[in-house]
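The values are calculated or read from the model by the stated rules, or taken from the named source; none is laboratory data. Worth saying up front: this structure is predicted, and the values here are computed from it rather than measured. So basically every Cβ, Gly included, is an ideal-geometry build from the backbone, and we count neighbours across all protein chains shown. The protein model used for the area step is the full one, side chains on, heavy atoms only, and it has no ligands, DNA or RNA in it. Shrake-Rupley method; radii C 1.70, N 1.55, O 1.52, S 1.80 Å.
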Amino acid sequence: GAGAGAEVRSYPHSAVLDGAGAYRLRWGRRGSALALRLEVRTRGYVGFGLSASGGMASADIVVGGVERGQPYLQDYFTDENRVLKKDPQQDYHLEYAMENSTHTILAFSRELHTCDPNDKSITESTVRVIWAYHHKDMGEAGQNYHGSNRGTKSLRLLNPEREEVSSASLPYFDLTNKDVPVPDKDTTYWCQMFKIPVQHEKHHVTKVEPLIQKGHENLVHHILLYQCSSNLNDSVLDYGHECYHPNMPDSFLTCETVIFAWAIGGEGFTYPPHVGLSIGTSADPLFVLMEVHYDNPSYTEGLIDNSGLRLIYTPVLRKYDAGVIEAGLWVSLFHNIPPGMPEFVSEGHCTLECLEEALGAERPAGIQVFAVLLHAHLAGRAIRMRHFHHGEEQKLLAYDDEFDFNFQEFQYLKEERTILPGDNLITECHYSTVDRIRMTWGGLSTRNEMCLSYLLYYPRINLTRCASIPDIMEQLQFIGVKEIYRPVRTWPFIIKSPKQYKNLSFMDAMNKFKWSRSEGLSYNQLVLKLPVNVRCSKTDNAEWSIQGMTALPPEIERPYKTEPVICSSSSCLSCSLFLTLLFTVHITASTIGNAGPFV
């Protein structure tokens, strides 16, 4: 009825947080606040929180329920030792609570930025939501920990809404694994090649949905779909194989462009109403590779999986074909990160020169980007996509300051962004290698690293990769390498002098160097200034003429200056206090500033 419609409008997003379907979160943005509704299968208390790590330490938590007909809701936080404390500034506001014979429902809201140091600001970055529930209420249970009824899930709470176009009657085809035996090990990447069944006439894919085998919701961690070379033949379809494995088929190496990404906790992906992924013509993907990441931390044996994707398509063509550009650092050993670094920044350049040539030839009026996937591996901590127009910095195209490797999906842009000839893009990746004792190298495996952004845009042009790699010889000079054996016949190539590195590969030499944090920092500053080799590719490994040229990275402000957030607290005593403080600090700073010698 009418009530249900209003429900959807107030809380347009929803996610089931646990495998059993007992804990559902609905949410929606309301101006400068977030409205949340929890529906949980318990008559005891319900806990909900935001945490940087996904653990109980240093988290922002709210606990509520209905006890003997009386609703309660309390704002808490935990310190780094996971001790739960009542927050002196209560920022979660209860709007509605009810309990029936099976469920507790709580609706409450909170400002996105509360000026409270014990609260987490809610931004467009990924948040690790933590959840818990207990069969007793808070009063009876005290602070007892919730046994198995708790967990964590990564979500984007401020993702813009998509208008759903009904796809109920549209045709679809499924790309699913056939009885894949999931090994009894922590992490498995399984790759299977498929051929798109629609081949004789142009159609548009309008939506891609995950098909996760029942009971495997926590096993299937993410699914990526790559476009492969169209020069393959059907013999590649016969069998799946572990990805990134020394014995995997060579045909897998031709699949480089991500055309779809789904991650645990994610829904499907819907193209905007005026855009579709073209299939069925000679310019379209014919062979695709599906990579499924299985997560089996309890080493369960004998699991057989049949998960995959459903592609919904239509013969009614939309106005534009979607394309994908891979931008960032070209994946190679020339991208490397020293060990023991709490923060190391790498930058990949989609250069002015490449965009100038490709857009100039194919689309001088520019292309419209509508979604972005930011991609790194396990050492990745934050990624930003910076956009410059004639050297002048624009608003960030996309960012995630709380990057979670296990939660990668395309984020829709609030507004489409035009990329013009004369623009350049920088993918800025922040890593932490504190727990590593050897170099981390650019590469395909999850212990290696990447720094990429996949841009979904229209109209499709012949540009699939716009990336860069820093010069390797200057990197090696940093550790004291004088000379290498030429001509280069082996990879990684071998060093000739000085003596301490003689006959070592450059990888071994980099590992032999004694890295300290200050050396790592100097190395980071050097690498960001090095000339870069430009990668500017067309489909099927053809290249724009700028490919292979050397360019200098643009002079830019580092790091990117984030826009200050304006917070609004619920207890306005603290806002006025905060503003007074801010004002005093500002006055003092400017008086000192005018005093002369400090400037």
statement: (1) open to solvent by less than 50 Å² (accessible area, probe 1.4 Å); (2) in a loop (DSSP other than H, G, I, E, B); (3) aliphatic (A, V, I, L, M) all hold for ALA261 apart from (2)
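Identify all residues within the range 296-311 that are open to solvent by 10 Å² or more (accessible area, probe 1.4 Å) and under 27 Å from TYR172 (Cβ atoms); write none if there are none.
Residues satisfying the conditions are LEU303, ILE304, ASN306, ARG310.
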statement: Residues of the range 312-357 being of a type in the set (D, E, K, R) and open to solvent by less than 30 Å² (accessible area, probe 1.4 Å), in sequence order, are GLU326, GLU347
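Being on the phi < 0 side of the Ramachandran plot, in contact with a Lys or Arg (Cβ under 7 Å, 6 or more places away or on another chain) and either assigned to a loop (DSSP other than H, G, I, E, B) or open to solvent by 80 Å² or more (accessible area, probe 1.4 Å) (or both) is the requirement here; does LEU158 meet it?
Numbers: on the phi < 0 side of the Ramachandran plot: yes; in contact with a Lys or Arg (Cβ under 7 Å, 6 or more places away or on another chain): yes; either assigned to a loop (DSSP other than H, G, I, E, B) or open to solvent by 80 Å² or more (accessible area, probe 1.4 Å) (or both): yes.
Here the answer is yes, as LEU158 does meet what is asked.
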statement: Note on VAL236: of the conditions (1) open to solvent by 20 Å² or more (accessible area, probe 1.4 Å); (2) in contact with a Gly (Cβ under 9 Å, 6 or more places away or on another chain); (3) in contact (Cβ under 8 Å) with a residue 12 or more places away in the chain, unmet is (2)
- prompt: Which ones in the range 358-392 are free of Cβ contacts under 8 Å to residues at least 40 places away in the same chain and either on the phi > 0 side of the Ramachandran plot or open to solvent by less than 10 Å² (accessible area, probe 1.4 Å) (or both)?
  reply: HIS387, HIS390
field: Enumerated strands (runs of 3 or more DSSP E) restricted to the range 393-444, each holding at least 2 residues that are surrounded by fewer than 21 Cβ atoms within 10 Å (Cβ to Cβ), of a type in the set (A, V, I, L, M) and at negative phi
entry: none
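Take the conditions in the same structural domain as ALA327 (by the TED database), buried (at least 20 other Cβ atoms within 10 Å of the Cβ) and not in a strand (DSSP E or B) and apply them to PRO273. Does it pass? Spell out the reasoning first.
Details: in the same structural domain as ALA327 (by the TED database): yes; buried (at least 20 other Cβ atoms within 10 Å of the Cβ): no; not in a strand (DSSP E or B): yes.
No: the conditions fail for PRO273.
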- prompt: Scanning for something closer than 30 Å to HIS245 by Cβ and among the aliphatic types (A, V, I, L, M), does the range 445-454 turn up at least one residue?
  reply: yes
- request: Provide a single number: the residues in the range 53-73 that are open to solvent by 20 Å² or more (accessible area, probe 1.4 Å), of a type outside the set (D, E, K, R) and either over 17 Å from ARG150 (Cβ atoms) or modelled with pLDDT of 95 or more (or both).
  value: 5
- prompt: What's the number of the condition SER497 fails, among (1) in contact (Cβ under 8 Å) with a residue 24 or more places away in the chain; (2) outside the structural domain of TYR244 (by the TED database)?
  reply: (1)
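Only one residue in GLU291, GLU267 is in contact with a Cys (Cβ under 6 Å, 6 or more places away or on another chain), among the acidic types (Asp, Glu) and either surrounded by 18 or more Cβ atoms within 10 Å (Cβ to Cβ) or more than 22 Å from PHE252 (Cα to Cα) (or both), so which one is that? First the steps, then the outcome.
Numbers: GLU267 fails: in contact with a Cys (Cβ under 6 Å, 6 or more places away or on another chain).
Going through GLU291, GLU267 in turn, just one is in contact with a Cys (Cβ under 6 Å, 6 or more places away or on another chain), among the acidic types (Asp, Glu) and either surrounded by 18 or more Cβ atoms within 10 Å (Cβ to Cβ) or more than 22 Å from PHE252 (Cα to Cα) (or both): GLU291.
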message: Just checking: which of the strands (runs of 3 or more DSSP E) contained wholly in the range 288-354 hold 3 or more residues that are in contact with a Ser or Thr (Cβ under 6 Å, 6 or more places away or on another chain)?
response: 308-314, 323-329
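Table: residues versus (1) in contact (Cβ under 8 Å) with a residue 12 or more places away in the chain; (2) assigned to a loop (DSSP other than H, G, I, E, B); (3) polar (S, T, N, Q).
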residue	(1), (2), (3)
ARG82	yes, yes, no
GLN89	yes, yes, yes
PHE108	yes, no, no
PRO117	no, yes, no
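For the condition modelled with pLDDT under 80 and open to solvent by less than 80 Å² (accessible area, probe 1.4 Å), what is the one hit in PRO559, PRO597, PRO564?
When all the criteria are applied, what remains is PRO559.
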message: Looking only at the range 10-28, how many residues end up being more than 23 Å from the chain's Cα centre (by Cα) and either touching a residue at least 24 places away in the same chain (Cβ under 8 Å) or open to solvent by less than 50 Å² (accessible area, probe 1.4 Å) (or both)?
response: 5
message: With the requirement that a residue be under 25 Å from ASP179 (Cβ atoms), among the charged types (D, E, K, R) and under 28 Å from the mean Cα position of the chain (by Cα), what does the range 194-249 give you?
response: LYS195, GLU209, LYS214, GLU217, GLU242
task: Could you grab me the full set of residues in the range 7-30 that are modelled with pLDDT under 90 and more than 18 Å from ALA97 (Cβ to Cβ)?
output: VAL8, ARG9, PRO12, HIS13, SER14, ALA15, VAL16, LEU17, ASP18, GLY19, ALA20, GLY21
query: Residues of the range 483-513 being surrounded by 13 or more Cβ atoms within 10 Å (Cβ to Cβ), β-branched (Val, Ile, Thr) and either farther than 19 Å from MET439 by Cα or touching a Pro at 6+ places or on another chain (Cβ under 9 Å) (or both), which ones?
result: ILE484
